[in-house]
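Asks: This is the structure, below, for whatever I ask next.
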Amino acid sequence: MVAHPWHLPAGSTRRGPYDVSVTPASAGWGHSSLHVADLAPGQAVDLSTGPDEVVVLPLRGGCTVSVDGTAHELAGRSGVFAGPSDFAYLPQRTRAVLRSAQGARVALPAARVDEGRPRLPVRRVAASDVAVELRGAGSCSRQVHNFAAAGVFEAHSLIAVEVITPGGNWSSYPPHKHDEASEHESELEEVYYYEIAPGPDGQPGVGYHRTYGTPERPVDVLAEVRTGDTVLVPHGWHGPCAAAPGHHMYYLNVMAGPGAEREWRIVDDPAFAWVRGQWAHQDVDPRLPLHQSTDAVPTAPGGEQR
């Protein structure tokens, strides 16, 4: 059962091979979507992108993406806290087959493409080419994998990144929004897909997500999130995303909107914008990066944040 129109607990949107199925129609918006599937060893899933551009992103394990007789091998990773994954981009009007020899969990972030836009090429991107940033400082430190960020990866509309928040830290903070088209803001719908690291004895972890609106466009979400949960942000301020002490938090952000330019511009809630100024006097959490790569690049304390 869905507990909240914008908080979708794990399994509540199951459809066909997907245990997460968020489409523009189901979300009541026009552009962003996300599907997540567990592939059993040897299982094949037929995928037709239709009017959307789609990224095939392994969350756990690896898979093969076959398009027009060409197999694109994705080595994947042991899990979302093991660092970036390689991924594949599929343009609109593409038919593909996903298959995993050993079994895998695969996310399919997607965005609607306007009719008449040309088809970009099918591409595979290596994990080593995914830019990793350390953002914020102190208890607001987080790690961002900019695998399909605007200005980093070519796409028509889709913007997607992964964020890892160490246990006890806050991310998506200060609260910010991107629901109007202006000089300072992009109009973007957003999907948050969560996985929470278990405790040392395997106990399931929890985290918390906050979204709140304006008097003109109210929305009110304060959700306890667990692995497999999804939260939709149609508009309004969102943040913080709080990781419970002892449980690292992962989320996949999927964004798209009606703007002709593929940009991610945000404005902070003025009541909390001052928080950014504190980071100049704090160190980045020494637990970051959580994986072994030494290529993570810190972002200036006042820079864009997830």
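Asks: What is the Rg over Rh value, at two decimals, for the chain, using alpha-carbon atoms and the Kirkwood definition of Rh?
Replies: Rg divided by Rh gives 0.94.
Asks: Round to a whole angstrom and tell me the spacing of the C-alpha centers of the range 248-272 and the range 113-191.
Replies: Comparing the Cα centres of the range 248-272 and the range 113-191, I get a distance of 7 Å.
Asks: What fraction, in whole percent, of alpha-carbon pairs in the range 11-155 exceed 20 Å separation?
Replies: Working: 5129 of 10440 pairs.
I get 49 percent for the Cα pairs in the range 11-155 exceeding 20 Å.
Asks: With the cut-off at 11 Å, report for the range 250-291 the share of all Cα pairs above it, as a whole percent.
Replies: 80 percent
Asks: How much area per residue is accessible in the chain when the probe is 1.4 Å and only protein heavy atoms are counted (Å²)?
Replies: I get 42 Å² per residue for this part.
Asks: If each DSSP helix of 4+ residues adds -39,500 (n - 2.57) and the sum is divided by the residues in the chain, what number results at 222 nm, nearest 500 deg cm²/dmol?
Replies: The helix-only estimate for the chain comes to -500 deg cm²/dmol at 222 nm.
Asks: Under 19 Å from a label point 7 Å along Cα→Cβ of A181: give me every residue in the range 91-124 with its amide N that close.
Replies: Residues 111-118 fall inside that zone.
Asks: Write down the Å³ per residue value for the convex hull defined by the alpha carbon atoms of the range 36-99. Present the calculation step by step, with values, prior to reporting the outcome.
Replies: Details: hull volume 5.1 nm³, N = 64.
Dividing the Cα hull volume of the range 36-99 by its residue count gives 80 Å³.
Asks: In addition: Just to be sure I understand: with springs between alpha-carbon atoms less than 10 Å apart, which residue in L108, L59, L222 has the highest mean-square fluctuation in the Gaussian network model of the chain?
Replies: Greatest mean-square fluctuation among the candidates belongs to L222.
Asks: Any chance you could list the semi-axes, whole Å, largest first, of the equivalent ellipsoid that the Cα gyration tensor gives for the range 93-186, using √(5λ)?
Replies: Result for the range 93-186: semi-axes of 28, 22, 12 Å.
Asks: A further question follows. Please sort 279-285, 226-232, 251-257 by packing, taking for each peptide the average over its residues of neighbouring beta carbons within 10 angstrom, highest first.
Replies: Ranking the peptides 279-285, 226-232, 251-257 by packing returns 251-257, 226-232, 279-285.
Asks: Further, regarding this structure: Pick from G136, G151, G236 the residue whose mean-square fluctuation is largest in a GNM of the chain, springs joining Cα atoms under 10 Å.
Replies: Of the options given, G151 has the highest mean-square fluctuation.
Asks: When only alpha-carbon atoms are used, what values of Rg and Dmax, in angstrom, describe the range 175-265?
Replies: 14.7, 49
Asks: Right, here's the next one. Using all alpha carbons of the range 1-63, what is the percent of pairwise distances in each 10 Å bin, ordered from the shortest bin to the longest?
Replies: Answer for the range 1-63: a P(r) of 18, 51, 28, 4 percent.
The values are calculated or read from the model by the stated rules, or taken from the named source; none is laboratory data. The structure displayed is predicted, hence computed values, not measured ones. Every residue, glycine as well, gets a Cβ built from its backbone with ideal geometry; the counts of neighbours run over all protein chains shown. Quick note on the areas: whole protein, heavy atoms, side chains included, nothing else; ligands and nucleic acids left out. Shrake-Rupley method; radii C 1.70, N 1.55, O 1.52, S 1.80 Å.
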